[in-house]
Amino acid sequence: MSAPFDPNSMRIGDAERESAIRALNDHYAAGRLALDEFEERVGRASAGQTLPELGALFADLPAPHPAFLAPPVPPLGSMPPTATFGPPSGPHAFPAPPPHVGPPSGPHGYPTTRYGPPQPVGYDPGAPWGRDPLTGQPLSEKSKIVAGILQLFLGYFGIGRFYTGHTVLGVLQLVTCGGFGIWSLVDGVVLLVNGGTDAQGRKLRD
């Protein structure tokens with residue numbers, strides 16, 4: 001007779017480790033983790049073997065969490081019925097509301113006021129950070145200056161590449177100590193001078 005399934009023994013792979021490291025990088029960039037805490041948790045995530053080991057890294061952190069740590073959604077048939085409420089009926093029912101009355105019109109009518117944050121002139125909702133003047137493609141929300149500085153000072157841990165979304169490059173730099181310091185240094189200078197792209201292929205903004 002086989003033993004019952006224990007979710008705490010479920011093993012993980014590289015995809016889950018990379019997702020956890022990417023989430024830890026977001027918390028580090030937001031200032032929720034000090035550098036030594038970030039390094040220690042990244043090391044634990046790289047060596048983790050089971051889901052509980054990765055889940056413990058986010059026990060004291062708010063969202064974002066890796067998607068695979070989210071609790072499973074129960075199937076539709078197992079959810080309890082939801083009570084529905086409709087309008088009262090019977091002798092004590094409320095009367096129907098009066099028809100909608102719009103703002104007065106005529107020479108003394110009141111102007112209609114629209115509320116909401118004003119949009120700047122020329123704002124493009126499809127490219128909030130602007131567009132590349134050569135290709136017309138939307139620019140990334142990631143900054144080449146921030147990416148370059150992170151690579152120069154924290155390239156041993158691949159932080160600049162985690163910032164741009166290139167997780168595989170970040171992990172390679174992490175396990176090689178930034179290519180013994182040479183790769184991360186050159187990468188940081190290239191990012192500062194020439195820029196680059198994010199994980200979606202969008203050009204880094206200035």
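For Ser184, Ser46, give me the order by solvent-accessible area with a 1.4 Å probe, most accessible first, ignoring ligands, DNA and RNA.
Details: Ser184 5, Ser46 55 Å².
Largest to smallest exposure gives the sequence Ser46, Ser184.
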**OP:** Convert each backbone phi in region 41-55 into a coupling constant with the Karplus relation 6.51 cos²θ - 1.76 cosθ + 1.60 (shift: θ = phi - 60°), then list the ³J(HN,Hα) values in order as whole Hz, x for Gly and Pro.
**Re:** 6, 4, x, 5, 5, 5, 9, x, 10, 10, 4, x, 5, 6, x
Original post:
Given a 1.4 Å probe and the protein chains all in place, what does the accessible area of Tyr28 round to, in Å² to the nearest 10?
Top reply: 50
Subject >> Residue order for Leu169, Leu185, Leu57, Leu150 - accessible surface, 1.4 angstrom probe, largest first >> reply: Leu185, Leu169, Leu150, Leu57
Subject >> Heavy-atom accessible area ranking, 1.4 Å probe, most first, across Thr135, Thr176 >> reply: Thr135, Thr176
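Around Gly136, with a cut-off of 15 angstrom between Cβ atoms, what is the net charge of the other residues, counting Lys and Arg +1 and Asp and Glu -1?
Details: positive: Arg131, Arg202, Lys203, Arg205; negative: Asp124, Asp132.
Every neighbour counted, the sum reads +2.
The values are calculated or read from the model by the stated rules, or taken from the named source; none is laboratory data. Computed from a prediction, not measured in an experiment: that's the story for all the values here. Every residue, glycine as well, gets a Cβ built from its backbone with ideal geometry; the counts of neighbours run over all protein chains shown. Ligands, DNA and RNA are excluded from the accessible area calculation, which covers all protein heavy atoms including side chains. Shrake-Rupley method; radii C 1.70, N 1.55, O 1.52, S 1.80 Å.
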